[in-house]
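Working notes, beginning with the structure itself.
The values are calculated or read from the model by the stated rules, or taken from the named source; none is laboratory data. Everything numeric in this text was worked out from a predicted model, so none of it was measured. Quick reminder, even Gly has a Cβ in these numbers, built from the backbone with ideal geometry, and neighbours come from all protein chains shown. The protein model used for the area step is the full one, side chains on, heavy atoms only, and it has no ligands, DNA or RNA in it. Shrake-Rupley method; radii C 1.70, N 1.55, O 1.52, S 1.80 Å.
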Amino acid sequence: MENVVGKPLDRIDGRLKVTGAATYAAEFEVPNALHAVAVQSEIATGRIVDIDTREAESLPGVRLVLTHRNMPKLQPFPQAPVNAKPEEAQQFAKENPGKPGQKLLPLQDDRVYWNGQHLGLVVADTFAQASHAASRVKVKYEAHPPAMDMEKRLHAAIHAPSDPGRESNDSKRGDAETALRYAAVKIDQVYRTPTENHNLIEASATIARWEGENLTLYDATQWVEGSAGVVAKVLGLPKENVRTVSLFLGGGFGCKGSVWPHVMLAAVAARKVGRPVRLELTRQQMFTSVGYRAQTLQRVALGASADGKLSAIIHATTNQTSPYDEFTEKAGVATAILYDAPNATVTHKLVRVNKGTPTQMRAPGEAPGTFAIESAMDELAYAVHLDPIELRLRNYAEQDPRTKLPWSSKSLRQCYAQGAERFGWQRRDPKPRAMRDGD
């Protein structure tokens, strides 16, 4: 390590990237490859009454129009046991590498769950031909009233399950509600974070090529083994029959850590037409097809003594999920260990809305969650007339507050000191909105 730490190093892929020589998923030169474009729903919920593909199929260059009528049945990806022990979960992960971005497999029936759901796929000689033909697929719907506003459906919230074999998302120590009731100073606020989309430079894309019973996927993925593993399971293939190639990634941030329906559709289409198929999501489709950070509503309540010592922390998160999945934005997991309060309750709930399944996104849970808890701490500092850093130091967790076990390492105290020095924290005017220097 002494040979590399603190020393400038060239990125081994840097020259290829800045000169344009790096090959991304959609750029592989695969002979005889056709182009595919997805047809997406224009309603938020309901069912397909009719899907007319005749005009699209008659257009020049069109080789295949895939819908739920001619799509083969896919194998549901196995689900880990709900109450799996850690060793059982590890064994499941070993046998089933990777995970689908959503439970709903593409084109398996006539149900519509959200606006932007894949309802079909057009394969043609060129991208322009496929795009035009996709626009000529006519879908008739039986539309149902959609559930779109999470906050109007809080009455229907369900408990958020924890990942099998993992530590529970929720935690409790002491009696936070009682401690809050008797606290000298109280902060009880609701913080909201909106939906956020990844929309990285390289849109998600897959080229699928069959050679007999062997499938090669040139896939924009953060997990090559997972991509191959999921597609093998869904198509009913031996894992060794699927190979994934991903040399470079034009941004991932979480959405390329799972396998989304377009990967499976490319593989099925390539098998049906007997030629490689290149499927690139459009920029618009990136908003509906590869997950997003879920909207959250977070109640954070803090109880403290007049000198700022915490006696109670309550962090209750509700986030949206899809009609068929239970994705939890674990906003409270950091709160459970951040501060040394004797009473703390962390909970997570889900509300189903007619949108696609959310997914992990850079600092999943911690990003929206620490925004909420740290905003509340700043409000508490103002209420007790205490410097915000001093408030955090008075409640510094020298050990895990839940287990009373020591940290393997922790340098947060030093970070506070170094950050304050670099910012000139002591020279600031503590009055809110008082600092107007520069931009």
- Item | Gaussian network model of the chain, springs between alpha carbon atoms under 10 Å - residue of Gln102, Gln295, Gln91 with greatest fluctuation | Gln91
- Task: Starting from one equal scatterer on each C-alpha and no solvent at all, send me the Debye-based log10 I(q)/I(0) for segment 264-421 at q = 0.13, 0.17, 0.21 Å⁻¹, two decimals.
- Result: -0.73, -1.02, -1.32
- Whose amide H sits under 5 Å from the amide H of Ala220, counting only residues 5 or more places off or on another chain, with H placed in the peptide plane? Ala205
- Task: Obtain the nm distance between the two label points defined at Glu398 and Asp13 by a simple spin-label model: each point lies 7 Å from its Cα along the Cα-to-C-beta direction.
- Result: 4.5 nm
- Rounding to the nearest 20 debye, state how big the charge dipole of segment 231-290 is about its Cα centre with +1 on each Lys and Arg Cβ and -1 on each Asp and Glu Cβ. 160 debye
- Given that just one value was derived from the coordinates, which of [x] -0.76, -1.21; [y] -0.44, -1.14; [z] -0.58, -1.18 is log10 I(q)/I(0) by the Debye sum over Cα atoms at q = 0.08, 0.13 Å⁻¹? [z]
- Item | Stokes-Einstein D in µm²/s, Kirkwood radius over Cα pairs - segment 152-292 at 10 °C with 1.306 mPa s viscosity | 86 µm²/s
- antiparallel share of DSSP beta bridges within segment 277-354, to nearest 5, in %, is 45 percent
- Item | Interchain or long-range residues, amide H under 5 Å from His348's placed H | Ala160, Thr317
- Estimated FRET transfer efficiency (Gln414, Thr178; beta-carbon r; R0 41 Å; 0.05): 0.70
- State, as an integer percentage, the relative contact order of segment 281-387 based on alpha-carbon contacts under 8 Å between residues 6 or more apart. 32 percent
- For segment 183-229, calculate the relative contact order in percent as a whole number, restricting contacts to Cα pairs under 8 Å that are 6 or more residues apart. 22 percent
- Task: Sort the following peptides by mean Cβ neighbour count (other Cβ atoms within 10 Å, averaged over residues), highest first: 343-352, 329-338, 369-378.
- Result: 329-338, 343-352, 369-378
- Setting aside same-chain residues fewer than 8 positions from Lys99, which lysines have a Cα under 21 Å from its Cα? Lys73, Lys85, Lys233, Lys239, Lys256, Lys330, Lys355
- Task: For the chain, calculate the relative contact order in percent as a whole number, restricting contacts to Cα pairs under 8 Å that are 6 or more residues apart.
- Result: 20 percent
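With a ≥ b ≥ c taken as the square roots of the eigenvalues of the C-alpha gyration tensor of segment 1-123, please select rounded if a/c is under 1.5 and otherwise prolate if a/b is larger than b/c or oblate if it is not?
oblate
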- Largest first, how would His132, His385 line up by accessible area (1.4 Å probe)? His385, His132
- In deg cm²/dmol and to the nearest 500, what is the mean residue ellipticity at 222 nm of the chain if only DSSP H runs of at least 4 residues count, each as -39500 (n - 2.57), divided by the residue total? -6500 deg cm²/dmol
- Item | Beta bridge orientation in segment 295-439: antiparallel %, DSSP, nearest 5 | 50 percent
- Query: If the chain between Ala21 and Ser131 were fully stretched, how many nm would it gain, using 0.36 nm times the residue separation less the Cα-Cα distance?
  - Reply: 36.8 nm
- Percent antiparallel among DSSP beta bridges confined to the chain, rounded to 5, stands at 75 percent
- Item | Derived scalar couplings ³J(HN,Hα) [segment 398-408; Karplus, 6.51 cos²θ - 1.76 cosθ + 1.60; whole Hz; x for Gly, Pro] | 6, 8, 4, x, 7, 9, 6, 8, x, 6, 5
- Amide H proximity to Ser311 below 5 Å, modelled H, separation 5+ or other chain, gives Gly303, Ala304, Ser305
- Note on the structure: Going residue by residue through segment 92-100, the Karplus relation 6.51 cos²θ - 1.76 cosθ + 1.60 with θ = phi - 60° gives ³J(HN,Hα) values, rounded to whole Hz and with x marking Gly or Pro, of 4, 5, 5, 7, 10, x, x, 8, x
